1. Give me the distance in nm between label points sitting 7 Å out from Cα along the Cα-to-Cβ direction at Leu24 and Lys56, one decimal.
2. Tell me, what is the Rg over Rh of region 50-95, with Rh the Kirkwood radius over Cα pairs?
3. If each residue of separation counts as 0.36 nm, what is the full-extension length gain between Arg47 and Asp32 once their alpha-carbon separation is subtracted?
4. Going by average Cβ neighbours within 10 Å, how do the peptides 66-72, 78-84, 28-34 rank, with the highest at the top?
5. Under the rule of at least 5 residues apart or a separate chain, name every residue whose amide H is placed under 5 Å from the amide H of Thr68.
6. Modelled label-to-label distance, Glu90 and Trp78, 7 Å Cα→beta-carbon offset: nm?
7. Do any of Lys55/Lys84; Lys60/Lys87; Lys55/Lys77 go past 25 Å between their Cα atoms, and which?
8. Tell me, what HN-Hα J-couplings in whole Hz come from the Karplus equation 6.51 cos²θ - 1.76 cosθ + 1.60 at θ = phi - 60° for each residue of region 76-85, using x for Gly and Pro?
Amino acid sequence: MSVDALFKTPRRRIQNPRSPRLNLARSAIAFDRAARPAAKTPRPAARTQEQTEGKKVAPKYRGPKGATWAGRGLKPKWLVAEIKKGKKLESFAIK
């Protein structure tokens with residue numbers, strides 16, 4: 001007997017503890033549960049570029065003319081020029 005047929009059978013006929021249909025239904029349900037993959041807990045979605053894009057970050061470096069850089073992305077031209085002159089990146093750090 002299929003699981004669909006068991007669902008169509010009146011409940012009072014199935015719920016008799018000695019009913020062979022009850023045992024059949026229990027075994028069919030157990031088999032169906034065993035055949036399904038285990039439910040996984042959902043993981044939080046990874047942050048996309050759109051979610052992180054545009055977030056303001058406090059500046060970490062300040063140049064001689066007051067220009068600032070947060071330390072993200074490419075180094076600004078003023079910083080590259082100063083490093084080529086021999087200065088250290090740490091000397092521009094905002095404390």
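Here, each number is a calculation from the coordinates, and none is a lab measurement. Please read all numbers here as calculations on a predicted model, not as lab measurements. Neighbour counts are summed over all protein chains in view; Cβ atoms, including those assigned to glycine, are modelled from backbone coordinates with ideal geometry.
1. Rounded to a tenth, the inter-label distance reads 7.1 nm.
2. Over the Cα atoms of region 50-95, Rg/Rh equals 1.02.
3. Full-extension gain reported as 1.8 nm.
4. 78-84, 66-72, 28-34
5. Gly63
6. In this crude spin-label approximation the distance works out to 2.3 nm.
7. On the way: Lys55/Lys84 30 Å; Lys60/Lys87 16 Å; Lys55/Lys77 22 Å.
Over 25 Å apart, Cα to Cα: Lys55/Lys84.
8. x, 4, 5, 6, 4, 5, 5, 5, 5, 6
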